[in-house]
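Below is one structure, written out as structure tokens; comments come after it.
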Amino acid sequence: MSGSDARALGRRGVRGAPRPVTARPHGPDGVGVGVGVGVGVGVGVGVGVGVSVGVGVYLVTDPGLAGRHGIGVLGVVRAAVDAGVRIVQVRDKQAPARELLALSAAVADAVGDLATVVVDDRLDVVLAARAAGHRVAGVHLGQSDVPVRAARALLGPDAHVGLTANTPEHLAAVAALPPGTVDLLGVGVVRPTTTKADHPAPLGVDGFARLAAATPLPCVGIGGVTIDDVGPLRAAGAAGVAVVSGICAAADPGAAAAAYVAAWRAGADHPAATRLPGGAR
């Protein structure tokens, strides 16, 4: 994909207005698991308003870590967004589909247009949430998940499709895709992390920099990213930094998120602003 293709991709917005859905408050974080929606294959309802934003600090949720201090995922997300986080990935590898759907819908409803909300791995959950009118912008996929071309075909051109990539071969595969298939790359792990037991060998900042320089797509550093890594990653070409435990496990997630946001803003200048399809304003 050329640099002009990537910039054109960044100018897309999401059209459509969300329709309200009522959920019963009996699921995780007080979120109902009885969201009733009928979803057909190929449903692609555009929700949200896309505007130019920098990726910056990218929160990835973890229900176990978020529950350590009795705050819960919704509490962590609200605090992080209040502190300036503008993209949230709802991730729960163990949750059944209906629980993850309810949580994703609740997160999207809680943040409104203040943050972009995507779901990790589960394209089915994203389709269901969007069909129900929730402002879920799209999906972030791993290398073993549904192919990104299939996700793009089902979600449509204005949704957000992210992909994890950590090798030159991954980047070559992305470059061979039609322009506009992938919006954002999660590159890592940067450091060893306990939130992903099967992670590949850590790249470090230098390894991240080499991969980020080899693609025109925005790259977010993920995996064990600490406050001290934020400035060097931004200087290395990161469009953002993904944080899990640094915010989710904090006794005060708002203060932790604010510290990451401040570190990002204090980092080296880098022209990494992009419009995330389905993004926040």
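Which ³J(HN,Hα) values, rounded to whole Hz and listed in residue order, are derived for the stretch 111-117 from phi using the Karplus coefficients 6.51, -1.76 and 1.60 in 6.51 cos²θ - 1.76 cosθ + 1.60 with θ = phi - 60°, glycine and proline given as x?
For the stretch 111-117, the Karplus-derived couplings read 8, x, 9, 7, 8, 7, 10 Hz, x marking Gly and Pro.
Give me, ordered by chain and number, the residues 5 or more places off A238 or on other chains with an amide H under 5 Å from its own placed amide H.
HN-HN under 5 Å from A238: empty list.
Amide H neighbours of H160 under 5 Å, counting only residues 5+ apart in sequence or on other chains, H built in-plane at 1.01 Å?
Under 5 Å from the amide H of H160 lie the amide H atoms of G138, V139, each far enough along the sequence or on another chain.
Which value results for Rg/Rh of the stretch 167-249 when Rg is the Cα radius of gyration and Rh the Kirkwood radius based on the inverse mean 1/r? Each step should come with its number before you reach the end.
On the way: Rg = 12.6 Å, Rh = 13.0 Å.
For the stretch 167-249, the value is 0.97.
Relative contact order for the stretch 96-158: what percent, with Cα pairs under 8 Å and sequence separation of 6 or more? Before the final figure, lay out the partial values.
Working: 66 pairs, mean separation 19.7, N = 63.
This gives 31 percent for the stretch 96-158.
For the stretch 138-146, just list the computed ³J(HN,Hα) in residue order, Karplus coefficients 6.51, -1.76 and 1.60, θ = phi - 60°, integers in Hz, with x standing in for Gly and Pro.
Result, ordered by residue: x, 9, 10, 10, x, 5, 9, 8, 3 Hz.
Write down the Å³ per residue value for the convex hull defined by the alpha carbon atoms of the stretch 97-248. Each step should come with its number before you reach the end.
Working: hull volume 18.1 nm³, N = 152.
Cα convex hull per residue, to the nearest whole number: 119 Å³.
Read-outs throughout are calculated quantities, based only on the coordinates presented, and are distinct from any laboratory measurement. Quantities reported herein were computed from a predicted structural model and do not represent experimental measurements.
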